[in-house]
1. Identify all lysines with a Cα-Cα distance to LYS17 below 20 Å; exclude those on the same chain that are fewer than 8 residues away in sequence.
2. Specify whether the C-alpha gyration tensor of the chain places it in the rounded, prolate or oblate class, a ≥ b ≥ c being the square roots of the eigenvalues: rounded for a/c under 1.5, otherwise prolate if a/b is larger than b/c and oblate if not.
3. Given the rule -39500 (n - 2.57) for each run of at least 4 DSSP H residues, summed and divided by the residues of the chain, what is its mean residue ellipticity at 222 nm, to the nearest 500 deg cm²/dmol?
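Just so you know, all these numbers are worked out from the coordinates, no wet-lab data involved. Since we're looking at a predicted model, the values are computed, not measured.
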Amino acid sequence: MSILQEYNNNTNLLNSKIEETLKAVAQLKETVVKLKHFERAAQIREMEKQLEQMKRDVFSFTV
């Protein structure tokens with residue numbers, strides 16, 4: 001195998017690995033976005049529970 005062929009093979013292999021890495025990074029970004037959405041949804045649910053408890057507390061105080 002000539003040096004030029006070896007260089008081309010290594011370049012192709014490197015480009016392939018870079019492409020795989022970029023795809024993996026894109027998937028990780030999507031996962032992070034989804035996790036943030038789930039986290040925000042959980043925070044909102046917790047806030048709703050707290051508001052409901054506050055309503056009950058106020059109602060029991062006024063009655």
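1. Output for LYS17: LYS29.
2. Judged from the Cα gyration tensor, the chain comes out prolate (a/c at least 1.5, a/b above b/c).
3. Helix-only estimate at 222 nm: -36000 deg cm²/dmol.
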